[in-house]
Every structure is written in C-alpha cells, then in structure tokens.
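Report on the following structure.
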Amino acid sequence: MARTMTQPKNNGFDVSDIDTSVRPQDDFFHYASGDWLKKNPIPATEAIWGSFYVLRKDNKNKLKAIVEEAAQDKSAKQGSDAQMVRNLYATGMDEARRERDGVTPLRPIFEKINSIRSAEDIIPLLAFLHHTGFGGLFGFYIDQDERLNDKNIIYLAQSGLSLPDRDYYLNDDEESKRVRVEYRKHVLAMFKLLGRSPKECGIAVESIMNIETDLAKHSMTKVEQRDIEAQYNKRTIPKLTKEAPGVDWAKYFKLAGVGVPKEIIVAQPIFMKRTGEMLTEISIAEWKDYFTWHVLSGSAGFLNKTFVNENFRFYGTVLSGIKKQRPLWEKVVGFIDGSVGEALSKLYIKRHFNHEAKKKIDTLVDNLFSAYETRIKALDWMSPKTKRLALKKLHSMTRKLAYPDKWKGYKGLVLRDDSHFENFRRIQEFEWKRMIGKLKKKPDPKEWHLTVPTVNAYYNPVMNEIVFPAGIMQPPFFDPAADDAVNYGGIGAVIGHEITHGFDDQGCQFDHTGNFKNWWTEEDKKKFTKKAKVIEDQFNEYVAVDGIKVNGALTVGENIADFGGLTLAFAAFQKSQKRKKKVAIDGFTPEQRFFLGFACTERDLVRPELLKKLLVTDPHSPGIFRVNGPLSNMPEFAEVWNVKRGDKLYRDPKDRARIW
Ligand SMILES: [Zn+2]
C-alpha cells in the first residue's frame, strides 16, 4: 500500500511533511504540510485530497475486505447483516444485468408520470415519488420539534433543484454561467439517451430550467438558511392551505402515509406558496419533463454505463473537476454504507475497533469539558447569569463514542439478489416507513446520524450531544502510540470543535435541554454577536480561488467552532502536561507539536471546480483558512511559534477575535 495510506512512523507527526522554505509565522498551513502536499497530488478519481480523505479511502479498503468476505458467505441467513451486505454487493457489481436492463426499471415510474392529466394529479404523483426515494418540488421529513424536542414533527422545506444551490440558477458570475451552460448540455444528453428526439430534448431542457429557476428564485439563500427562527413556522393544515392554497395538503399528507397532521413546521412559507401557484401556472407537459428528469437524474447511478458516464461527466467532472470515475467496488461499498450502514458497521467494529481508543478518547473528552468549564468561568465579557446557564448547558451535554449502544436494525427489509435498482427502491421504501413511524414515537436519544466507519463527527443541538464514530478514532486524528501533543492537536481539536458548536452563533440559541429557547441576557448576546462579527469579517477577506472570497456569513458557525475547539484543546493539553516532563521530539517542543498535529489533520488540496462549489455550499472554510485563520487569532500560537508584528499570521491583539 502506498505510503499515504498509513500514517507516518510512530511519532504521530512526520517531520518530512514540513516545507522548510515556508516560515511558520507566515503560513502555518503550508509550513506544516507543504511537502506532504507536494508528494501527494490529488488522485484522478478524487476532487479533494488530504488527511480526512486518505483515512476515508483507507476505511473503504477495510470495508471492501469485509464486504467481499460477506459476499462469499452463502450460509448467511435471510435478513442477517451478512446477507443484506452480500445481496447489495452482488447486485451492485452485476454490470451485465445493468447493461441488459438499461432504463427498463424506470418505465413503470415514467408511465405514472405520463398519466397525469391536470394539476390535481401532481400531488398524488409527488407523494408517490417522495416515498419511493425521488426528490421533486419540496422536501418532507420528520424530525424533533426544535422548540418541543420531546416530540417528533413533520417539516416541509424548499427543495426540487438539481444544481447544488439556488445561486447557480440566479447569479451572473463566471462560474455560475459556466455551470448553467454545462447543465443544459447535461439535461439534453440525458434525455437523448432516453430516446427522445432532438426537438423533444430541447423542450425538456427549457421546461426544467424554467421550473427550477422559478423554485430557486423563491428559495432562501444558504446564509438565510442559518436563521433558525425564520424557518420555524408552525402551521395547522387550514393555515398552510390559506397561505399556500395551490396544494391539496391534506391529500398530500394522507398519501405520504401520515394521515392529516395537526401541526407541521414550514421552513420556507414563501417557497410553499410559490409551489402552489406553479402547479396551475405551469403546463402539464412541462411538469412531466420536470418529474421525468428528477427520476432519471436520481437513479442515473443505478442504470447502465451510458447514463452512469454522462451523470459523472456533469456531477463529477464539471462540478467537481474529477478526472476519472472511482472503481465500481468503491461506489458499491459507499452505497452499502449509505443504505444498510448499520449492518456494515457491526461487521466493521468486530474487525477494526480498538477498545483502548474509546477509553482514552473518553478521558480526552472529560479533559476538554473541564478546560471549557474553567474558561467559561474566567470569561471577562459574560455576566454571571449567562455563565451559570452556559455551564448548565455544558454539563448537560452528552457524548456518544465509537458506536451506538442500540442498533436501529432492518427488521422487515427484504433485499434480493435480483437488481441494484430494485434494492435501492426497497431501501428507500423501508426508510420512508421508518421515518413515518417516528411520528408516533418519542425521539430516541440513542439514535445515531452517522455510520460507525465514518471519518467525521457532529454536534446535534436538539439533543445537546456530541458524537464521534469509530472511523475518526484513528491516526492522524488519534494514535494511542503517539505523544499527547499530536493527539490533543488532532482529535482534541475535533472534540473541542464539536463542543463549541453548542456555543456557536446557531448552537447557542438552544438551551441545555436541546430546545430552541433563549438563555442569554440581552447584553451578553449583543457582546457575543459583536465577537462573532469579528470572525465573519476576518474570513470575508480570504481569497480562495480566482479572486473568489470565502463567505464569512456562511462559514461563521464553523469558524467559531474551529477557533473555540483549538483554544480548548490547547488549554486541555497544557493542563494534562502539568506534572509531565517536557520532551522535545524531532526538535519540536510539545507545544509546537500540538500545532503541527492540528495542521496535519486539516491539510488538503482541492480541485478548483470543487473549491468553487464549496465556497457556495459548504459552511466550512477551505483547509488553509481553517488552519491559518484561527491560529492568527490565538495568542498561544503567537507565543509558541514566536509570531511577531510584520509576520503574515500576526494580528494585532486588539483586532484578534476572542470568544471562548
Ligand atoms: Zn463543525
């Protein structure tokens, strides 16, 4: 296996990754990782490459071995984890069958679409498409009520677009224009593959652009979607009907399988109103093209090669700059993880999880909490009243580590060895029913929203919990054999980041029980908002690619979490070292190694196409600014690395952000 697949020797940080031609005081990102980046160009099948992605690829290889073993196990009982994995793998890898089938599996759905005669027929069609796993028009999901989080409730939200964000339809910058031109070509090509005449293809492109652009115009921007209050609009069905009269809502909900709910939450009332108007304003012929498109595009990955290739050309190459498709096994393994991820998770833990890591990380989390407590108590800008409630929230925050205590299971899901597409449909129907079932149940505090092998973590504000799957408890994030410095800089900063999400500009609007409810004094909130604005302004200045800047308002929550997380991790690290002897490794002090360990986890190289997309859609800043941004605010970094006035990472103490 290539050197990039496993992490460096045993020191936790490989000094040969450092680019000594860069001064750490000017650009720590390239100092710590410059030589690694030179030695590790982005593979042709990827759009972004760095620590997260190397580890993800490494995990995919582990999953491949598990899946291939399950595929051989003919004795696995119907409904067992191994049987589900085996059937999904077999049908996913069966290219011959997919070539034979072509678009045949979609025919019955196309017939349904073609049978609509009037605006009234659209709602039943939409309900059908939604519960069979296709998108279109608006989104429907069931989740905790943000203000009454011991209940689940239905949410309606804007949706129905095929480009990654509304901005692509509406903005006039070069990249948006380029993508629109390419998108038209893509839709045209897909309809051509479906056997439509050139004239019909041209008409379809216009219908789809017309409908999606209209939906885009009435959609909230990504920044507007960070406003929780604005999207919490509780409605009865009569009230919703009055606001958005074009849709027979009672009919939609009945057909979706939830009866007629008493109340629902409408995230974007303006969008829903427009949806209703569009149902009658737009011709049935146009709607047929629109829904055909959403089914075709939504299932392209399950069809034969010509569709798979065209779909990749647009979504992979045009939008992300990827040169070559991933091997089939990798796509199928990704699909299995995304659909019966729990079955795969159980098999993964048996083989790869280090229980020692869970124990050590549990202690690390304790130390981070304790460091946060000390810092909150010492804040000079927060009143005792808000501090008391902040500490209450901190003490109420729960943690989930490595893997779930309780599995959701797949009772009732029957997967067969017949067809990849049919298995996809079965999973969609099963998960839809599972979601509908939630409406009658209380939210489950044991539920996980990531699979175990996932290299990621999250904070869930409605549960006030942090979650770290086993997938991220590996080098370079965590290495039981490495020194504390790199582990605190790695997984420590990740843990700190997730805890801080409970106190970023969004998280801080939820109280200690996880309800969306203010606990701040007006004065303290004002001070906090001003502090967050410093970070927003700072990131607004960073140019990422071709003169395009980072969106400070979109990324402010993640940037607060990065900065807070790093500060907490450093404080916890120092506390842990009090009675320990300082030992330099490879010529670096433990404090210096903390920052090297941190920079190592955030290293990445990104293709310009993907970077441009991320700048529009991703609440995280690009890797370079996730390193250099928070470090330039940290007095601890300036001290450890001797950053002086005149250095590029120097920020005058009065200009530095300072929150937690
Ligand atoms: Zn985050």
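The values are calculated or read from the model by the stated rules, or taken from the named source; none is laboratory data. Just so it is clear, the structure is predicted and the values come from calculations on it, not from any experiment. Every residue, glycine as well, gets a Cβ built from its backbone with ideal geometry; the counts of neighbours run over all protein chains shown. The protein model used for the area step is the full one, side chains on, heavy atoms only, and it has no ligands, DNA or RNA in it. Shrake-Rupley method; radii C 1.70, N 1.55, O 1.52, S 1.80 Å.
Here is how the numbers come out for the structure above:
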read-out	value
Residue count for the range 493-546, restricted to those that are of a type in the set (Ser, Thr, Tyr), farther than 21 Å from Ser370 by Cα and in contact with a Phe, Trp or Tyr (Cβ under 9 Å, 6 or more places away or on another chain)	1
Pair list, Cβ < 9 Å and 6+ apart or interchain, from the range 456-469 residues that are open to solvent by 30 Å² or more (accessible area, probe 1.4 Å) to residues that are within 12 Å of the ligand (Cβ to nearest atom) and polar (S, T, N, Q)	Pro461/Gln506
Candidate set: the range 168-196, residues that are of a type in the set (Lys, Arg) and part of a helix (DSSP H, G or I); chosen: the one surrounded by the fewest Cβ atoms within 10 Å (Cβ to Cβ)	Lys177
Selection within the range 261-306 - surrounded by fewer than 21 Cβ atoms within 10 Å (Cβ to Cβ) and acidic (Asp, Glu)	Glu263, Glu277, Glu281, Glu286
Contacts under 7 angstrom Cβ, first residue in the range 418-430 being among the basic types (Lys, Arg), partner crowded, with 20+ Cβ neighbours inside 10 Å, 6 or more apart	Arg426/Leu415
Selection within the range 292-316 - touching a helix residue (DSSP H, G or I) at 6+ places or on another chain (Cβ under 8 Å) and within 25 Å of Lys612 (Cβ to Cβ)	Trp293, His294, Ser297, Ala300, Gly301, Val308, Glu310, Asn311, Arg313, Phe314
For Pro238: the one exception among (1) closer than 30 Å to Thr104 by Cβ; (2) free of Cβ contacts under 8 Å to residues at least 24 places away in the same chain	(1)
So Gly490, is it of a type outside the set (Asp, Glu), touching a Phe, Trp or Tyr at 6+ places or on another chain (Cβ under 7 Å) and open to solvent by less than 10 Å² (accessible area, probe 1.4 Å)	yes
Filter result (away from the ligand (no atom under 16 Å from the Cβ) and in a helix (DSSP H, G or I)) within the range 554-583	Phe570, Ala571, Ala572, Phe573, Gln574, Lys575, Ser576
Qualifying residue in the range 590-605 (condition: within 16 Å of the ligand (Cβ to nearest atom), part of a helix (DSSP H, G or I) and crowded, with 19+ Cβ neighbours inside 10 Å)	yes
Matching residues in the range 323-372 - criterion: being among the charged types (D, E, K, R), part of a helix (DSSP H, G or I) and open to solvent by 40 Å² or more (accessible area, probe 1.4 Å)	Lys331, Lys346, Lys350, Arg351, Glu356, Lys358, Lys359, Lys360, Asp362, Asp366
Pairs, first among the hydroxyl-bearing types (Ser, Thr, Tyr) in the range 545-573, second near the ligand (Cβ under 10 Å from one of its atoms) and open to solvent by 10 Å² or more (accessible area, probe 1.4 Å), C-beta under 7 Å, six or more apart	Thr555/Pro619; Thr555/His620
Among the candidates Gly50, Gly79, residue that is surrounded by fewer than 20 Cβ atoms within 10 Å (Cβ to Cβ) and touching a residue at least 40 places away in the same chain (Cβ under 8 Å)	Gly79
Filtered residue count, the range 370-405, keeping only those that are over 25 Å from the mean Cα position of the chain (by Cα) and aromatic (Phe, Trp, Tyr)	2
Some residue of the range 201-218 being surrounded by fewer than 20 Cβ atoms within 10 Å (Cβ to Cβ) and outside any helix (DSSP H, G or I)	yes
Criterion violated by Lys112 - all others in (1) open to solvent by 50 Å² or more (accessible area, probe 1.4 Å); (2) free of Cβ contacts under 8 Å to residues at least 40 places away in the same chain; (3) closer than 30 Å to Val333 by Cβ satisfied	(3)
Any hit, the range 144-167, residues being of a type outside the set (Val, Ile, Thr) and in a helix (DSSP H, G or I)	yes
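Yes/no per residue for (1) among the small types (Gly, Ala, Ser); (2) in a strand (DSSP E or B); (3) more than 22 Å from Ala532 (Cβ to Cβ); (4) within 16 Å of the ligand (Cβ to nearest atom):
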{"residue": "Glu609", "(1), (2), (3), (4)": "no, no, yes, no"}
{"residue": "Lys612", "(1), (2), (3), (4)": "no, no, yes, no"}
{"residue": "Phe625", "(1), (2), (3), (4)": "no, no, no, yes"}
{"residue": "Asn628", "(1), (2), (3), (4)": "no, no, no, no"}
{"residue": "Asp647", "(1), (2), (3), (4)": "no, no, yes, no"}
{"residue": "Lys654", "(1), (2), (3), (4)": "no, no, no, no"}
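Rundown of residues vs (1) more than 16 Å from the ligand (Cβ to nearest atom); (2) under 30 Å from Leu391 (Cβ atoms), yes/no style:
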residue	(1), (2)
Lys411	yes, no
Glu422	yes, no
Trp448	yes, yes
Thr454	no, no
Met463	no, yes
Ala482	yes, no
Gly492	no, yes
Ile499	no, yes
